[in-house]
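Asks: Please read through the structure below; I'll follow up with questions.
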Amino acid sequence: MKKRSHNQSAKTKGITRFSRLLPGLLILALFLMLGSCEKGHDGWPGRAYVALSWWEHEPDYIELDNDYIPVVFYWDEYYRVAPGSYWIYYEGVHSRRGKLYEYAWDLEYEVWENPGEQGKPFKDGLDGSDGYFTIELAPDGPEVYYEEFYPAKSATDGDNAGIILHSDDEIIIEKHSNNFSLRVKYRKVDPRPAGI
């Protein structure tokens, strides 16, 4: 009989040990279940578009370093472009108070796509918003506008633009909004001699 009572106390000890481990095992099982939850897909990046426009006087000559905008393009037409840095040279003649003035500008600008949101457990991330850039080629220097919805309100309404550098050689402007920042560098240059 002594032996039997000893076996019963071993069973009781095993159940007591298991009952102490049970909360930890339940937490571990819950952690493994949550860790194996299916994560939603990341959102796709938004697309970027660029349109060229002019103000006051249409440039006489324009040269683009952007393979996504055709050589023969339409003013104010948005063209889808890949993220990257691009360059524009434009020149022309305009009149003020009866006098003719030549102008020429070099412009470097950067285009990017707004990233999509990261997926969460059981939820896909939202796609990034599309960005529409309008580059206005003016005799007194270019202006760059950004719109998030085609053709909704311009980013100049409520964005934060700051001049990073303003010298005789070049001007660098950086614009910040909720979903983008844009850095544009431009400088006034001498018009190229005819035939070059």
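Values quoted throughout were computed directly from the atomic coordinates according to the rules given, and no laboratory measurement underlies them. Nothing here was measured: the structure is a model prediction, and the numbers come from that model. Cβ placement follows ideal geometry from the backbone for every residue including glycine, while neighbour counts extend to all protein chains displayed.
Asks: Out of the trypsin sites (Lys or Arg not before Pro) in segment 88-128, which ones are loop residues according to DSSP with at most 14 other C-beta atoms within 10 Å?
Replies: Here the trypsin sites (Lys or Arg not before Pro) that fit, given the DSSP loop and packing criteria, are Arg97.
Asks: Taking 30 Å as R0, compute the FRET efficiency from the Cβ-Cβ separation of His41 and Ile62 and round it to 0.05.
Replies: Working: r = 41 Å, r/R0 = 1.37.
Efficiency, from the Cβ-Cβ distance: 0.15.
Asks: Could I have the simple spin-label model distance between Glu136 and Tyr101, label points 7 Å from Cα toward Cβ, reported in nm to one decimal?
Replies: It is 1.7 nm.
Asks: 5 Å is the cut-off here: which amide hydrogens, built 1.01 Å from N in the peptide plane, fall below it relative to Ser129, excluding neighbours closer than 5 in sequence?
Replies: HN-HN under 5 Å from Ser129: Gly46.
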